[in-house]
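The values are calculated or read from the model by the stated rules, or taken from the named source; none is laboratory data. Since we're looking at a predicted model, the values are computed, not measured. Neighbour counts are summed over all protein chains in view; Cβ atoms, including those assigned to glycine, are modelled from backbone coordinates with ideal geometry.
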Amino acid sequence: MVLGAGSAATGIADLIVAALVDEGLSIEEARRHLWFVDVNGLVVKDRTDLMDHNLPYAHEFEPLSFVEAIDAIQPNVLIGATGAPGTFTRDVIEHMGRFNERPVIFALSNPTSRSECTAEQAYNWSGGRTVFTSGSPFGKVTYAGKELRPGQGNNAYVFPGIGLGAIACRARTLPDELFLAAARTLAGLVRDSDLAQGCLYPPLREIRKISLAIAGSVATKAYSMKLARSRRPRNLRKSIADLMYEP
């Protein structure tokens with residue numbers, strides 16, 4: 001479920017739909033897995049105030065408030081892209097925790113003063129069970145003697161790798177498929193130990209290794225889609241590693 005129905009929120013949803021379609025769902029089936037809530041409540045077909053980009057995600061459903069929609073739809077993941085601070089209230093987090101053993105909370109608005117909730121709030125209100133990601137940096141939180149590490153959805157995780165991969169193969173264009181390859185590679189680098197700490201990202205200190213892995217997957221996808229203008233080297237990973245700046 002996405003709180004906020006602007007262009008940023010829709011862009012997130014569109015990439016999720018692309019991933020689900022790549023897994024074998026139709027576009028219609030994929031969109032049925034995504035629900036939006038805006039300032040006027042759940043985005044449903046009967047509403048007359050929707051923008052064009054909202055219409056593909058407007059479902060046949062009764063109009064509900066935010067918390068009512070959480071209880072009725074029971075989402076596994078809650079994404080905030082509102083720019084409105086404090087919209088993930090204690091009530092919201094507690095309701096997410098009622099039917100999710102590990103509720104996943106993305107409080108993506110930034111700067112920190114605009115975040116839908118803080119890491120400390122998300123962990124405390126969920127009994128330390130939340131897997132938390134934010135658009136702004138938050139420090140580590142100790143809950144019941146356990147250290148929890150919030151993740152920041154930072155551009156540094158994917159953009160350098162995407163750029164490096166594109167340069168390495170001299171990609172003509174960067175379609176959604178390349179961003180999807182980058183996202184999947186990053187997801188594959190998340191370890192059980194990261195999730196145990198309540199974090200959905202690998203440590204940022206490993207960013208060079210992460211960037212190399214993403215660059216390799218982006219270049220590989222570009223070659224498979226015939227978007228690359230350079231000949232594929234025998235050892236793609238080494239070729240890309242040799243391009244990386246070593247201070």
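Residues Leu25, Leu42, Leu50: which one is surrounded by 12 or more Cβ atoms within 10 Å (Cβ to Cβ) and modelled with pLDDT under 95?
Working: Leu25 fails: modelled with pLDDT under 95; Leu42 fails: modelled with pLDDT under 95.
Result: Leu50 is the single residue among Leu25, Leu42, Leu50 that is surrounded by 12 or more Cβ atoms within 10 Å (Cβ to Cβ) and modelled with pLDDT under 95.
Any chance you could count how many residues in segment 166-183 are in contact with a Ser or Thr (Cβ under 7 Å, 6 or more places away or on another chain) and in contact (Cβ under 8 Å) with a residue 40 or more places away in the chain? Steps first, answer last, please.
If we filter segment 166-183 for residues that are in contact with a Ser or Thr (Cβ under 7 Å, 6 or more places away or on another chain), which is where we start, we get 168-170, 181-182.
Next, only the ones that are in contact (Cβ under 8 Å) with a residue 40 or more places away in the chain stay: 168-170, 181.
Residues in segment 166-183 being in contact with a Ser or Thr (Cβ under 7 Å, 6 or more places away or on another chain) and in contact (Cβ under 8 Å) with a residue 40 or more places away in the chain: 4 in total.
Of all the listed residues (Thr185, Thr173, Thr220), the sole one being among the polar types (S, T, N, Q), at pLDDT 95 or above, over 19 Å from the mean Cα position of the chain (by Cα) and outside any loop (DSSP other than H, G, I, E, B) is Thr220. As for segment 44-51, it holds at least one residue that is in contact with a strand residue (DSSP E or B) (Cβ under 7 Å, 6 or more places away or on another chain) and free of Cβ contacts under 8 Å to residues at least 24 places away in the same chain. Residues in segment 114-128 that are in contact (Cβ under 8 Å) with a residue 60 or more places away in the chain and over 20 Å from Gly4 (Cβ atoms): 2 in all. Among the residues making up segment 86-138, those that are basic (Lys, Arg) and over 18 Å from Phe66 (Cα atoms) are Arg102, Arg114, Arg129.
In segment 198-247, of all residues being of a type in the set (Ser, Thr, Tyr) and out of contact with any Cys (no Cβ under 8 Å at 6 or more places or on another chain), the one that is farthest from Ser126 (Cα to Cα) corresponds to Ser239. When the residues of segment 136-150 are filtered to those that are farther than 9 Å from Ala119 by Cβ and among the small types (Gly, Ala, Ser), the one that is surrounded by the most Cβ atoms within 10 Å (Cβ to Cβ) is Ser136.
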